[in-house]
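This is the structure I have questions about; it appears just below.
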Amino acid sequence: MTFRVRVLVLLLALLLLTGAAAASVLHASARAERRDRPRAGGPPISSGRVGLAEPGRLVFRNMAWGPHRDELVSVPAQDPSGARTAAAVTCLRFYAASGTGVCLRAVHGPVSDTYRAVILDARLHERAHYDVPGIPSRARVSPSGHYAAWTAFVGGDSYAGTDFSTRTAIVDVRTGELTPSLESYRVVKDGRTYRAPDMNFWGVTFAADDRTFYATLATHGTTYLVRGDLGSRTVTALRTNVECPSLSPDGTRIAFKKRVAGLPADAPWRLYVLNPRTGRETPLAEPRSVDDQAVWRDTRTLVYALPGDYGADLYEVPADGTGTPRRLTTAAVSPAYLR
């Protein structure tokens, strides 16, 4: 091949690469434009003021396609499918209580995304932020608004093989004191200190006393409900086969998802409610597999997300095992009822 032919081949290759890159950029731009365009039949959404100190409101991540996708929106708690007021705050996971919010969001970089936990005040202004070591999964705020917790899926743990493991952090939002991982807490199991390299925690839920919390511990292939103590920095295993606990507003019951034998491997969970005092478990009337940390709307009703046309929809079901599930609203996830 002559030098002239080599130059022509190189120029042709460069032209082809430039054309492919331009086509890719145009395609991505068109796709983003379609994403930002509201779709017919979606919920009505408009920009406005969203606050976290407005009792009787429901705040969640909006999943409807359009310019407000992934933003926090607010609706009346009694009319969850009504018109949405959107704030210019985007979150992947969210929760709020007593005027404090925690927003887990992606930080887009030139090569890859990183993640951050942002503590919000009642006006959705940032109070502090913390690096999150992996993909956000769960988020909670204590009833007092004094503590926030989040869980992320992470990779790279030697014991995990090709599977993900988790990191769960708790922060005192008043002082900024951060516990980056609950794995630093002393674990008590069967009355003795328990140590294992494969411990993973997720799904924190706080009690009203600003000291007690519950979470899931996984180790050696078994999941446990654990009760944590923020003062003594200990967690105590209580019972097996409990994931993503959620403590009722009156502190008397714990909703959770439970693996049920005989169900498909990709849909193994059913919602249950536990009475810690009696040990009684009540299966709820939701027959579908719920891979979510349920939220208590009040002391009688649980709310949770299931897959939908926009990514996720919110449903409710009675907490006593009676009734039938009911869809509250479409295109929504990570709900928080403001009290």
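The values are calculated or read from the model by the stated rules, or taken from the named source; none is laboratory data. Small disclaimer: the values here were computed from a predicted structure and weren't measured. Ideal geometry is used to build each Cβ from the backbone, glycine not excepted, and the neighbour counts take in all protein chains shown. Protein only, heavy atoms only, side chains kept; ligands, DNA and RNA dropped before computing areas. Shrake-Rupley method; radii C 1.70, N 1.55, O 1.52, S 1.80 Å.
What's the total number of residues in the stretch 260-280 that are over 22 Å from the mean Cα position of the chain (by Cα) and in contact (Cβ under 8 Å) with a residue 40 or more places away in the chain? Give the derivation first.
Of all residues in the stretch 260-280, those over 22 Å from the mean Cα position of the chain (by Cα) come to 260-264, 275-280.
Remaining after also requiring in contact (Cβ under 8 Å) with a residue 40 or more places away in the chain: 279.
Within the stretch 260-280, residues that are over 22 Å from the mean Cα position of the chain (by Cα) and in contact (Cβ under 8 Å) with a residue 40 or more places away in the chain number 1.
Given the criteria in contact with a helix residue (DSSP H, G or I) (Cβ under 7 Å, 6 or more places away or on another chain) and within 20 Å of K258 (Cβ to Cβ), does F201 qualify? Steps first, answer last, please.
Details: in contact with a helix residue (DSSP H, G or I) (Cβ under 7 Å, 6 or more places away or on another chain): yes; within 20 Å of K258 (Cβ to Cβ): yes.
Yes; evaluated as a whole, the condition is true for this residue.
Filter the stretch 84-97 down to the residues that are buried (at least 21 other Cβ atoms within 10 Å of the Cβ) and not in a strand (DSSP E or B) and list them by number.
C91
Moving on to the next point. Are there any strands (runs of 3 or more DSSP E) wholly within the stretch 230-336 with 3 or more residues that are out of contact with any Lys or Arg (no Cβ under 8 Å at 6 or more places or on another chain), and if so which?
Values: elements: 234-240, 243-247, 254-259, 269-275, 280-283, 301-306, 313-318, 326-329.
So the answer is 254-259, 301-306, 326-329.
Within the stretch 286-317, can you find the residues that are modelled with pLDDT of 95 or more, open to solvent by 30 Å² or more (accessible area, probe 1.4 Å) and touching a Ser or Thr at 6+ places or on another chain (Cβ under 7 Å)?
T299
Go through the stretch 120-151 and count every residue that is out of contact with any Leu (no Cβ under 8 Å at 6 or more places or on another chain), within 14 Å of F201 (Cα to Cα) and aliphatic (A, V, I, L, M).
1
Looking at S74, S81 in this structure, which one is of a type in the set (S, T, Y), surrounded by 16 or more Cβ atoms within 10 Å (Cβ to Cβ) and either farther than 22 Å from D298 by Cα or touching a strand residue (DSSP E or B) at 6+ places or on another chain (Cβ under 7 Å) (or both)?
Values: S81 fails: surrounded by 16 or more Cβ atoms within 10 Å (Cβ to Cβ).
Step by step, each of S74, S81 is checked, and only S74 is of a type in the set (S, T, Y), surrounded by 16 or more Cβ atoms within 10 Å (Cβ to Cβ) and either farther than 22 Å from D298 by Cα or touching a strand residue (DSSP E or B) at 6+ places or on another chain (Cβ under 7 Å) (or both).
Restricting to the stretch 182-213, name every residue that is among the basic types (K, R) and in a loop (DSSP other than H, G, I, E, B).
Of all residues in the stretch 182-213, those among the basic types (K, R) come to 186, 189, 192, 195, 211.
Listed by number, the residues that qualify are R195, R211.
Can you spot a residue in the stretch 224-239 that is more than 21 Å from H146 (Cβ to Cβ) and surrounded by fewer than 16 Cβ atoms within 10 Å (Cβ to Cβ)?
Filtering the stretch 224-239 down to residues more than 21 Å from H146 (Cβ to Cβ) leaves 224-225, 236-239.
Filter again for surrounded by fewer than 16 Cβ atoms within 10 Å (Cβ to Cβ), leaving 239.
Checked the stretch 224-239: at least one residue is more than 21 Å from H146 (Cβ to Cβ) and surrounded by fewer than 16 Cβ atoms within 10 Å (Cβ to Cβ).
Given (1) touching a residue at least 40 places away in the same chain (Cβ under 8 Å); (2) surrounded by fewer than 16 Cβ atoms within 10 Å (Cβ to Cβ), identify the lone condition not met by S112.
(1)
Continuing with this model, one more query. Right, A152: touching a Gly at 6+ places or on another chain (Cβ under 9 Å), small (G, A, S), open to solvent by 20 Å² or more (accessible area, probe 1.4 Å) and modelled with pLDDT of 95 or more or not? Please lay out each step first, then the result.
Values: touching a Gly at 6+ places or on another chain (Cβ under 9 Å): yes; small (G, A, S): yes; open to solvent by 20 Å² or more (accessible area, probe 1.4 Å): no; modelled with pLDDT of 95 or more: yes.
For A152, the condition - touching a Gly at 6+ places or on another chain (Cβ under 9 Å), small (G, A, S), open to solvent by 20 Å² or more (accessible area, probe 1.4 Å) and modelled with pLDDT of 95 or more - is not met.
Looking at this structure, is V188 β-branched (V, I, T) and more than 19 Å from Q293 (Cβ to Cβ)?
On the way: β-branched (V, I, T): yes; more than 19 Å from Q293 (Cβ to Cβ): yes.
Criteria met by V188.
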